[in-house]
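Asker: Have a look at this one before I ask anything.
We did not get these values from a lab; they are worked out from the coordinates using the rules stated. From a predicted model like this one, the values you see are computed outputs, not experimental measurements. Glycine gets a Cβ as well: all are built from the backbone with ideal geometry, and neighbour counts include every protein chain shown.
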Amino acid sequence: MFFRREKPRVLSFSDRIDQARSAGFQVSAGAQGATRVSRDGIACDVREASGGMPDLSLTGALAGNEIAPLVELGYQKIWQTSTGKRFPATAEHLKSLHAFTEDLRQALDLTSLYNEGLGTVNQVHLYDRVVDRDVKRDKKPWEVALRG
């Protein structure tokens, strides 16, 4: 007997989006040509990368028509929109985000990474005890440290 291995089917970007839609995600047009995939108050902008693979560019809570990514402040996790609107992230929000990202990766047939499967991954870290870390200055690093 001969066993014939079937050729693996290469999915296009639209096929992967259709798989997400059939998995229970709402799919709509996103910002700047991206496809917005959402479920239970969590959304992600998905773009087509090379070879038809999806690229998950921005993931977070829906705040109106904006996506607010998760921000770690060192003492609290918050959602922050690009316009500056902030609201706290509760344990229920984090569970929803974690379930959303895992289910979306499975629906889009993407690799799920072990360290991301352990818990929630922040997209931005803004620790308040680091002074002027995110502000570009013309001063040397030691001058900033001396608050000069």
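Asker: Calculated FRET efficiency, Ser12 and Leu94, Cβ-Cβ r, R0 35 Å, to nearest 0.05? Each step should come with its number before you reach the end.
Answerer: Working: r = 33 Å, r/R0 = 0.94.
Between Ser12 and Leu94 the formula returns 0.60.
Asker: Taking H placed 1.01 Å from N in the peptide plane, check which residues at least 5 places from Ala34 or on another chain put their amide H under 5 Å from its amide H.
Answerer: none
Asker: Right, another one. Please compute the modelled spin-label separation between Arg21 and Asn65, points set 7 Å along Cα→Cβ, answer in nm with one decimal.
Answerer: In this crude spin-label approximation the distance works out to 2.2 nm.
Asker: Say each of Asp40 and Asp109 gets a label point 7 Å from the Cα, pointing the same way as Cα to Cβ; how far apart are those two points in nm?
Answerer: 2.5
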